[in-house]
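Working notes, structure below.
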């Protein structure tokens, strides 16, 4: 077996705003396995400024994986605990190599175009006019669950935006989720959560920065608005520490990005603990290319969650890879193979 990696830069169609700044491009890496003419491809979508493995030696670690590939998936995965995005790429690449079709990692009704996954429509930060424009587009596209990035424009403008949405669309018509990406100051967070709760929101993701466990615990105990942990999970590796974190904070939900929490295995550890504590969860992408997104969507379908998932990021880039994934009426589905797979292999492997 041979292994190599390839770096690839994705370019946003339109700069996208978060509380951490404006994104106009996203670097990603592909782990490519080859054995007797068959290929396996996995995406290691390390997220700069957020991932645990955003370290100077990232590509050196990828090179080490390629040189050590004969050790096999299980042993390598265990040795990559500080590199969750590479863990995820490794899982994908081996599944891809072993599959009849390199991008059908989890054959199911979903991959056979017989079932769909409900997803939320993502509304990026910007001025009020731009956010309203996005909301209208998502509603016209059939979405019934919207996720709004907040925390970049002033809070009064965001409240005004939510008021405008709720005047037009009730909770029965539109489920609203908001994501602060840790933008609120701890001392003001509860007041803001109480104000946000007036708009019938489903939940808020990560209201304050990760790492302040007791303050987050207090917010989860006292907030009238359900709280979902996201960045808080990054870098928590041992199962015992995962359990301690959730037992301490007791959030209403957790949000799992396989690229950031150790792939399928790392995510499934979180899910098992969350369910034992009656904590809800859902899956989202972390701005991977269509290759990583496809791998996440197939796995997510097999988890049988009825909630809207965060998998609607495939149309963000000008130079994304062709994909079977399509979005329609607030659902994501997978087309049957129409020859796109060989084009992707040619682009990356040959």
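Mind checking which pairs have a first residue in the range 313-334 that is exposed (fewer than 14 other Cβ atoms within 10 Å of the Cβ) and a second that is part of a strand (DSSP E or B), Cβ under 6 Å, 6 or more apart or different chains?
318/11; 318/13; 319/11
Which of (1) surrounded by fewer than 21 Cβ atoms within 10 Å (Cβ to Cβ); (2) touching a residue at least 60 places away in the same chain (Cβ under 8 Å) does residue 51 not meet, given it meets every other one?
(1)
Just to be sure I understand, how many residues within the range 219-248 are farther than 30 Å from residue 172 by Cβ and either in a loop (DSSP other than H, G, I, E, B) or in contact with a helix residue (DSSP H, G or I) (Cβ under 8 Å, 6 or more places away or on another chain) (or both)?
13
Is it true that residue 249 is crowded, with 16+ Cβ neighbours inside 10 Å, in contact (Cβ under 8 Å) with a residue 24 or more places away in the chain and within 16 Å of residue 117 (Cβ to Cβ)? Reasoning before the result, please.
Numbers: crowded, with 16+ Cβ neighbours inside 10 Å: yes; in contact (Cβ under 8 Å) with a residue 24 or more places away in the chain: yes; within 16 Å of residue 117 (Cβ to Cβ): no.
It is false that residue 249 is crowded, with 16+ Cβ neighbours inside 10 Å, in contact (Cβ under 8 Å) with a residue 24 or more places away in the chain and within 16 Å of residue 117 (Cβ to Cβ).
Identify, by number, the condition in (1) under 28 Å from residue 206 (Cα atoms); (2) free of Cβ contacts under 8 Å to residues at least 60 places away in the same chain that residue 347 doesn't meet.
Single failed check for residue 347: (1).
Across the range 275-301, which residue is farthest from residue 47 (Cα to Cα) among those that are free of Cβ contacts under 8 Å to residues at least 60 places away in the same chain and within 10 Å of the chain's Cα centre (by Cα)?
Of everything passing the filter in the range 275-301, 282 is farthest from residue 47 (Cα to Cα).
Filter the range 281-296 for residues that are closer than 17 Å to residue 261 by Cβ and out of contact with any helix residue (DSSP H, G or I) (no Cβ under 6 Å at 6 or more places or on another chain) and give the result.
Selection gives 282, 284, 286, 287, 288, 292, 293, 296.
So is residue 90 within 19 Å of residue 4 (Cβ to Cβ), in contact with a helix residue (DSSP H, G or I) (Cβ under 7 Å, 6 or more places away or on another chain) and not assigned by TED's automatic domain parsing to the domain that holds residue 298 or not?
yes
The values are calculated or read from the model by the stated rules, or taken from the named source; none is laboratory data. These numbers come from a predicted model, not from an experiment. Every residue, glycine among them, receives a Cβ derived from its backbone with ideal geometry; neighbour counts consider all protein chains shown.
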